[in-house]
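Below: the structure, in structure tokens.
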Amino acid sequence: MLLYSLFICFLIYFVIKHIFKVRKYPSGPLSLPIIGNAFQLGYYMFITGSLQEAFKKFRKKNQDKFYVLKKKMDYQFENISFLEACLPQFFLKLSYFKVEAIKNGSHEIPDEANDYVDAFLKEMDKLDKAGIKSSFSLEALVFDVFDLYIAGQETTSTTLAWALIYLLNHPDVTDRVRKELREVTDGSRDLSQNDKPKTPYFNATINEVQRLANIISINLMRKAAEDFQLGGVTIRKGQAVTAQISMVMSDEKYFEEPNKFNPDRYMSGDKLENQTIPFGIGKRACLGESLARAELYLILGNLIQRYEFEAVDGVPSEQPVNPKSSMRRPEKFKIRLVKIE
Ligand code: HEM
């Protein structure tokens, strides 16, 4: 009861605070905290019967007010970076982003740049000194770091989490990988990327993890540049299209029993890795593919060769918590790593 009352109080507080805040803005569709004006769209869908008609009605009713707001937003975007707009101020001040230190000149770049930020700054400085106009700027750097962080962090860590789940569920695979890796390194040095040609079963295991985990099951959207026919369906210019990566990676024509974790399928010489496309394919395929592959190989390989894996509180499920989402995540789980002496 107490919790319920607290929740209601908070809700009332947020609604009142929000109403006071939006009073300063030009009049427009009514919005509520968190859900914004989505409920109005729902209402229009109810009275018009379709999402498309609802959008039309919504647009007609609000477009003048929208343009007033858009002008204000454009002004904001020109004056603050997207990163600044998204993150709380204290976060930006963390030395991790180096932005403040770079702006006030206190950050010293070593002769040999050892990260992306320093390499970027060195190049910017070189071009500046040569009097060459370029797109290298502090603002562009902030966007780059933000993009790389968003695109690269969650994807790689989710794949690693899936890998540990499959290895906990299939200790025979883990043992076989460990044996292969320790034969290559003699158990006395770190695994390096140069070892890749000598670790076919581990390479197969990573492929199988990425195929089955299938974290990005639906690829990013594209816009059709012209009308075309695909499999008897007409796609009109401007329509959004995408490939369902999960269909390719679970096609029974290539992958027998596609829902089973079986790294051996990649050992048959059928070149199934060409059919395994977790990073997409073509010109806009993942920019970080080689980095991600290196991370998966080195992090996972070195963990396997140095530690035994033990499940804590039961072996985690191989099923995603959100099977229909575009980013398939595993359940939260605990694992114990026991050092191999
Ligand atoms: C296991 C890890 C990863 C997976 C599964 C993954 C997957 C993908 C996929 C499916 C796309 C869309 C490709 C397409 O549109 O056809 C993509 C795009 C992209 N990824 Fe990754 N990614 C991973 C790691 C990374 C890392 C580590 C970085 C950077 C540090 C990164 C940066 C990007 C960028 C910048 C794009 C957009 C490329 C473009 O539109 O031209 N990704 N990724």
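Exactly one condition in (1) exposed (fewer than 14 other Cβ atoms within 10 Å of the Cβ); (2) part of a helix (DSSP H, G or I); (3) modelled with pLDDT under 95 is false for Ser188; which is it?
All conditions pass for Ser188, except number (2).
Please work out which residue is surrounded by the fewest Cβ atoms within 10 Å (Cβ to Cβ), limiting yourself to the range 255-290 and to residues that are within 16 Å of the ligand (Cβ to nearest atom) and among the basic types (Lys, Arg).
Lys283
Scan the range 217-244 residue by residue and report those that are exposed (fewer than 12 other Cβ atoms within 10 Å of the Cβ) and touching a residue at least 60 places away in the same chain (Cβ under 8 Å).
Across the range 217-244, the qualifying residue is only Leu220.
Quick one: in the range 136-170, which of the residues that are surrounded by fewer than 14 Cβ atoms within 10 Å (Cβ to Cβ) and more than 23 Å from Ala119 (Cβ to Cβ) is nearest to the chain's Cα centre (by Cα)?
Glu154
Within the range 291-336, can you find the residues that are under 30 Å from Val184 (Cα atoms), away from the ligand (no atom under 16 Å from the Cβ) and among the aromatic types (Phe, Trp, Tyr)?
Tyr307, Phe309
Would you confirm whether any residue within the range 325-339 is surrounded by 13 or more Cβ atoms within 10 Å (Cβ to Cβ), within 16 Å of the chain's Cα centre (by Cα), more than 18 Å from Arg211 (Cα to Cα) and touching a residue at least 60 places away in the same chain (Cβ under 8 Å)?
no
Kindly indicate whether any position in the range 224-246 is more than 16 Å from the ligand (Cβ to nearest atom), on the phi < 0 side of the Ramachandran plot and touching a Ser or Thr at 6+ places or on another chain (Cβ under 9 Å).
Yes.
Restricting attention to the range 207-216, does a residue exist that is outside any loop (DSSP other than H, G, I, E, B), more than 10 Å from the ligand (Cβ to nearest atom), without any contact (Cβ under 8 Å) to a residue 60 or more places away in the chain and more than 24 Å from the chain's Cα centre (by Cα)?
No: the range 207-216 contains no residue that is outside any loop (DSSP other than H, G, I, E, B), more than 10 Å from the ligand (Cβ to nearest atom), without any contact (Cβ under 8 Å) to a residue 60 or more places away in the chain and more than 24 Å from the chain's Cα centre (by Cα).
The values are calculated or read from the model by the stated rules, or taken from the named source; none is laboratory data. Everything numeric here is computed off the predicted structure, so don't read it as measured data. Backbone-built Cβ (ideal geometry, glycine too); neighbour counts: all protein chains shown.
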